[in-house]
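The values are calculated or read from the model by the stated rules, or taken from the named source; none is laboratory data. Only a predicted model underlies this, so the values are computations on that prediction, with no experimental measurement involved. Because the Cβ atoms are built from the backbone with ideal geometry, glycine has one as well, and the counts that use them run over all protein chains shown. SASA here: full protein model, heavy atoms, side chains in, ligands and nucleic acids out. Shrake-Rupley method; radii C 1.70, N 1.55, O 1.52, S 1.80 Å.
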Amino acid sequence: MVEIGKWNTLRVLKELDFGIYLDGEDQGEILMPIRYVPQDCKVDDNIEAFIYFDSEDRVIATTEKPLAQVGDFALLDVVSVNSIGAFLDWGLPKDLFVPFREQKHKMEVGQSCVVYIYIDDLSGRIAASAKVENFLDKEPHDFTEGQEVNLIIYTQTDIGYKAIINNTHTGVLFDSDVFRTLHRGEHTKGYIKKIREDKKIDLLLEKPGYEKVDDISKKILDKLKEENGFIALVDKSPANDVYDMFGISKKNYKKAIGALYKARMITIEENGIRLIK
């Protein structure tokens, strides 16, 4: 069964001057215009095609890569607004529609919004919604504390950032646990810090506990070897400098160099750390 708004592997049925027709199964024959047809494509080949609706609402195939597909959360730019809603640039010739009822606040041209892409039940058309919470799982989760997860940052609050966890649930990164600038729509790795009694989830950007420090220690030692035994970072270095070099918080960097110093693997100098050979 062909999935609208997603990538599909489809068989080439026929070749014509203006393109090819693909076997769209329940959707019938689907045209791929000639400008999208891969070189050396021939009848009976199976090709990867993105299926969506063109400007005349016909089912169409393309090899152009959209910025996101149905079932994805994504940060997209508003490119136009009219009397029925807003339209987002999602990397295809036909822009992505956001009905007014699916906007948290009235969208304006030039804004960037985190949205969920879905198939509208009434029209069968592809649409987007800024009310992302409505598309997250309401069922209890089975996450465990310390578990590594994939996060999408979707809004900032007075206490930190809200993030979508593994495309299914939501959690909070508190400001006190955030050591670098985060951006709406950013995809990043994270960890479950705490699961509260009400099942709400607190998140971290780094692996909690000593296991993380051990990982960092190895990373620091590897970097020292690359840099001829010296790195110009100390415990008083700016947090951004630490993150730029290691992708970690200053707090965990200080823990790791402290552990390496106690193990007599490094010396701590006024302007950096040095590997003991």
Selection status of residue 65, at pLDDT 95 or above and within 22 Å of the chain's Cα centre (by Cα): yes
Residue pairs meeting the criteria (Cβ under 9 Å; at least 6 apart or on separate chains; first surrounded by 17 or more Cβ atoms within 10 Å (Cβ to Cβ) and at pLDDT 95 or above, in segment 144-162; second part of a loop (DSSP other than H, G, I, E, B) and among the aromatic types (Phe, Trp, Tyr)): 149/143
Test for residue 171: is it surrounded by 20 or more Cβ atoms within 10 Å (Cβ to Cβ) and either touching a Gly at 6+ places or on another chain (Cβ under 8 Å) or more than 21 Å from residue 88 (Cβ to Cβ) (or both): yes
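Residue by residue, here is whether (1) in contact with a Ser or Thr (Cβ under 7 Å, 6 or more places away or on another chain); (2) without any contact (Cβ under 8 Å) to a residue 60 or more places away in the chain; (3) open to solvent by 10 Å² or more (accessible area, probe 1.4 Å) holds:
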site	(1), (2), (3)
67	no, yes, yes
70	no, no, yes
78	no, yes, no
81	no, yes, yes
94	yes, yes, yes
97	no, yes, yes
100	no, yes, yes
104	no, yes, yes
108	no, yes, yes
Sole exception among (1) of a type outside the set (S, T, N, Q); (2) modelled with pLDDT under 90; (3) surrounded by fewer than 16 Cβ atoms within 10 Å (Cβ to Cβ) for residue 243, by number: (3)
Segment 19-37 residues that are more than 15 Å from residue 1 (Cβ to Cβ), paired with ones that are of a type in the set (Val, Ile, Thr) and surrounded by fewer than 13 Cβ atoms within 10 Å (Cβ to Cβ) (beta carbon under 6 Å, 6 or more apart): 19/34
Residue ranges of strands (runs of 3 or more DSSP E) in segment 1-97 with at least 2 members out of contact with any Lys or Arg (no Cβ under 8 Å at 6 or more places or on another chain): 7-16, 29-33, 46-53, 59-62, 73-81, 85-89
